[in-house]
Structure formats: C-alpha cells, structure tokens
Amino acid sequence: GLIMTVANEIDRLKKIIDKELEELNFNVDTYNETINQAMKYSLLSGGKRIRPILFLKSCELLGGDIKNAMPFAIAIEMIHTYSLIHDDLPAMDDDDFRRGKPTNHKVFGEAIAILAGDGLLNSAFEIIANHMLKMHKEGKNIDRYIKAFKEISNSSGVNGMIGGQVIDILSDENNMDSTKLKCMYEYKTASLISASTVAGGLIAGGSEKEIENIRIYGEAVGLAFQIRDDILDKVEDREINKCTFLSLYSYEEAEKEVERLCDIAIQALNIFKDKDTNFLKEFVYYLAIRNK
C-alpha cells in the first residue's frame, strides 16, 4: 500500500510541475521562436522530476510554503535539463537519444542546443531573482530564499555539477580510482539532488540540525540513485568504455553500496520524530531499487 501512495504522490507532484513548465514562455519575439522551441523540447520530454519533487517534499516536511517555493522547483528542473542537453552533445557523451526521443542537438543542431542549455541555466536564475524581488517588494523577509538560492547556485557550479562533469571528461578507466569516482558522483549527481532537499528545508526555515540531516539524506539518495543507474546501464556503459561504479566494483558490491546508502538516508530522517517522513523514506526505495 505504501509504495502505491508514494507512486500517487509522485504522479500528483509531477503533474503540477509539468503544468508549471508547460506554461513557461522564453520567447521574446518572432526571431527567437527557435530558442523557445529548443528549450521547451528538452524541458517537456518526459523527465522524472526527481529533484523538484525532493525539493517540494523537503519543504513540506518542515512546514514550508509550497506556493512560494514553486519557482525554485521549476528552476532546479531547468538547471537539471540544461545539464542533460549539454551532456548529450558530441563533445561530451555524444548521445543520439534521451528518454526514447532524439536529443536536442539532433533536432535543433549543435549551436542551438548549446544555446538552449545556456538559456535554461540562465532562465533558472532569472526566475528565482524575479520571484525573490517580487516577495521583497511585498515586504516579505527573503533571507531563507537567498540561502536556498545560494545552495542551488553552488551545487550547479564548478564546486558541484559542472565540477563533476569535468572530472568525468578528464577521466578514463586507467586513471580512475574509488576516491575519485566517489568525488565525481558527489559533484555530478548528488550535489544538485542534495541541494534540492537542502533548499527546500531552508525555505521552510529548518533548524541547523534539520538542514544537516536533510543534506545527508539528499547526498545518500543522490549517490544511491547514480549507482543504481550504473547497474541499469552496465551493458551500454561497457560498450562505450564508460568509467562507472562497475568498472571498479563487482555487481554485488554495487548492490551492497546502494543498500548501505539507503540505510544512511533513512537514518538521517529519524530526527524528524513528530513529522511525516513516510514519503521521503519510501522515495529512497523508489529511486534505489527501481529497474528502469
């Protein structure tokens, strides 16, 4: 029953997030219709919306105002989507398909795909800035929102997601070791995922201890999610000699590590005694024990 309710809640939030994303319009005039189409193409191509869902549920867990947090959720998904567009480019992973559809550069060409990625990253920060300014003008205290904004920016930059990509590109199986791999995963995947949980907690006004625990949760979930991806993609990864967790560890060790990380994530939620952590606990299993 529980897993079912988690699936329902994911579905409910996904619909809300998708609707918000569909309503975005990046087009300023007729000359820029192409960039609008390219940005929307990747934004609406069926993502799982894991990061904004984690953000909203962390915010809700600590009693935050979901309506005022929504622009942040949208921005997080835009940052994630930009990273995928750039990831798929010939200069990076060189992928022709994502989620069963042609990748952005296959539809719009490389130049527009690069610009669409840039556009999404920049628009994410515009959306947050506009929203904070609006709240500020309404006389709201926006300290929490500024902290959340800083968390999201840091995690998507060179000390986060971009940094992880750099390690990935400069690494091959010969110069990769377990410490470096863990660092790459922490930056590349876990960083934006834990920033999502932390930003949600910050906006809700969580205490230092609460924020620290929601961060541990996010990092563990992020790493478990990435290793599960490696397990699911092992055949394709081997074909292209991609360095993953399974280049260094056996399948059994990978499964064990996922379990260990799940335990850490669940443990981290135990401080929220009087709050409903059911969704976040079940979400760990939803992400780490999935088969697609």
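Observations on the structure shown:
- Test: residue in the stretch 195-204 that is of a type in the set (Ser, Thr, Tyr) and closer than 12 Å to PHE55 by Cβ: yes
- Here the condition is being farther than 21 Å from PHE283 by Cβ and surrounded by 14 or more Cβ atoms within 10 Å (Cβ to Cβ); of ILE169, ILE152, ILE162, it holds for ILE162 alone.
- Within the stretch 6-50, considering residues that are open to solvent by 20 Å² or more (accessible area, probe 1.4 Å) and basic (Lys, Arg), the one nearest to the chain's Cα centre (by Cα): LYS48
- The set of residues in the stretch 67-82 that are surrounded by 17 or more Cβ atoms within 10 Å (Cβ to Cβ) and without any contact (Cβ under 8 Å) to a residue 60 or more places away in the chain comprises MET70, ALA73, ILE74, MET78, THR81, TYR82.
- Some residue of the stretch 199-212 being touching a Phe, Trp or Tyr at 6+ places or on another chain (Cβ under 7 Å), among the polar types (S, T, N, Q) and either closer than 21 Å to ILE146 by Cβ or modelled with pLDDT under 95 (or both): no
- Pair list, Cβ < 8 Å and 6+ apart or interchain, from the stretch 29-56 residues that are over 14 Å from GLY119 (Cβ atoms) to residues that are among the aromatic types (Phe, Trp, Tyr) and open to solvent by less than 60 Å² (accessible area, probe 1.4 Å): ILE50/PHE225; ILE53/PHE283; LEU54/PHE283; PHE55/PHE72
- The selection criterion, being out of contact with any strand residue (DSSP E or B) (no Cβ under 7 Å at 6 or more places or on another chain), over 25 Å from ALA124 (Cα atoms), of a type in the set (Gly, Ala, Ser) and surrounded by 24 or more Cβ atoms within 10 Å (Cβ to Cβ), holds for ALA224.
- Of all residues in the stretch 51-66 being open to solvent by 10 Å² or more (accessible area, probe 1.4 Å) and of a type in the set (A, V, I, L, M), the one that is nearest to HIS131 (Cα to Cα): ILE66
- VAL284 under 16 Å from SER194 (Cβ atoms) and either open to solvent by less than 70 Å² (accessible area, probe 1.4 Å) or of a type in the set (D, E, K, R) (or both): yes
- Exactly one residue out of GLU186, GLU236 is without any contact (Cβ under 8 Å) to a residue 40 or more places away in the chain, closer than 18 Å to LEU84 by Cα, of a type outside the set (Lys, Arg) and exposed (fewer than 15 other Cβ atoms within 10 Å of the Cβ): that is GLU236.
- The set of residues in the stretch 239-263 being part of a helix (DSSP H, G or I) and open to solvent by 60 Å² or more (accessible area, probe 1.4 Å) consists of GLU239, LEU248, TYR251, GLU252, GLU253, LYS256, GLU259, ARG260, ASP263.
- Taken over the stretch 97-111, the residue count meeting the criterion of being at pLDDT 95 or above and not in a strand (DSSP E or B) is 9.
The values are calculated or read from the model by the stated rules, or taken from the named source; none is laboratory data. Computed from a predicted structure; not experimentally measured. Cβ: placed from backbone, ideal geometry, glycine included. Neighbour counts: every protein chain shown. Each accessible area value is taken on the protein alone, full model and side chains, heavy atoms only, with ligands, DNA and RNA left out. Shrake-Rupley method; radii C 1.70, N 1.55, O 1.52, S 1.80 Å.
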